[in-house]
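Notes follow the structure.
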Amino acid sequence: MSSPVAVSPLLLGVFAKWPEPGRAKTRLIPLLGEEGAARAAKRLLLRSLHWIDACPPHVRAVLWADGGTVGDWLDLLGTLERPQRWQLQPQSSGHLGLRMRDAMQWQLDLLGSPACSLIMGTDTPTLGYQHVQSVCKELQTHDAVFVPALDGGYVMVGMGCVCEPAFGALAWGSSQVAEQTRAALDGGGFSHAWLKPEPDLDEPADWEAAVQAGWV
């Protein structure tokens, strides 16, 4: 039997936008329409919540909500088998980096030290528990660990401490985010590791490729 690689305690935060037509997955609207893009967003969101819900008990989870009402989110979490493992928190204000920094700080404060704190989005259908394991394994020897996206961003980040330079005024939402994050962490003296890139379904071509691959 192999030894566990996860650092304990472990908290996985999910950044999620309520799948509201006209607001969710807007770059897919030319392909799917507003209602279709919202359905796609909900499909990806539920896929993420379900695989996390099936993780071993030591994986604690928090859903960082953007939009919707508390009742909306609680109803959604109530459809899972283990809703008690989830905490619901609103995202803070500001650009994405500031919101992730605040969430990472909150998670690390809750966990104490040593800890494995992860944040992920919901637009990557190939993410799974194996990525949580890999990130936590690398966190034993690095300050920050990332699962990069094929489009130049990243889809999951893990930290054992808040690495402030990673959350600065970067070109969030662009293909330069991963490159800028690497440079910022190097400049701040933080060690970091990057795992194999995964797809991030933002553009119509991304969605069409995912459909062909059977991911969605």
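The values are calculated or read from the model by the stated rules, or taken from the named source; none is laboratory data. These numbers come from a predicted model, not from an experiment. Backbone-built Cβ (ideal geometry, glycine too); neighbour counts: all protein chains shown.
Please verify whether segment 133-145 includes one or more residues that are modelled with pLDDT of 95 or more, surrounded by fewer than 22 Cβ atoms within 10 Å (Cβ to Cβ) and under 16 Å from the mean Cα position of the chain (by Cα). Taking every residue of segment 133-145 in turn, at least one turns out to be modelled with pLDDT of 95 or more, surrounded by fewer than 22 Cβ atoms within 10 Å (Cβ to Cβ) and under 16 Å from the mean Cα position of the chain (by Cα). Within segment 92-132, the only residue that satisfies the criterion of being under 17 Å from Asp53 (Cβ atoms) and either over 16 Å from the mean Cα position of the chain (by Cα) or aromatic (Phe, Trp, Tyr) (or both) is Tyr129. A residue that is of a type in the set (Phe, Trp, Tyr) and either farther than 27 Å from Cys163 by Cα or assigned to a loop (DSSP other than H, G, I, E, B) (or both) occurs nowhere in segment 74-97. Test Glu164 against the criterion of being surrounded by 18 or more Cβ atoms within 10 Å (Cβ to Cβ), at pLDDT 95 or above, over 16 Å from Gly13 (Cβ atoms) and of a type in the set (Asp, Glu), and give yes or no. Taking the combined requirement at face value, the residue does not satisfy it.
For segment 114-132, the set of residues classified as surrounded by fewer than 19 Cβ atoms within 10 Å (Cβ to Cβ) and modelled with pLDDT under 95 consists of Pro114 only.
Just wondering, is there one or more residues in segment 175-183 that are of a type in the set (Gly, Ala, Ser), more than 24 Å from Leu49 (Cα to Cα) and free of Cβ contacts under 8 Å to residues at least 12 places away in the same chain? So far as segment 175-183 goes, yes, one or more of its residues are of a type in the set (Gly, Ala, Ser), more than 24 Å from Leu49 (Cα to Cα) and free of Cβ contacts under 8 Å to residues at least 12 places away in the same chain. Taken over segment 97-113, the criterion of being surrounded by 17 or more Cβ atoms within 10 Å (Cβ to Cβ) and either out of contact with any helix residue (DSSP H, G or I) (no Cβ under 7 Å at 6 or more places or on another chain) or of a type in the set (Ser, Thr, Tyr) (or both) is satisfied by Arg99, Asp102, Ala103, Met104, Gln105, Trp106, Gln107, Leu108, Leu111.
Residue pairs whose Cβ atoms lie under 6 Å apart, separated by 6 or more positions or on different chains, with the first residue in segment 46-61 and over 14 Å from Cys136 (Cα atoms) and the second in a loop (DSSP other than H, G, I, E, B) and among the basic types (Lys, Arg), are Asp53/Arg82.
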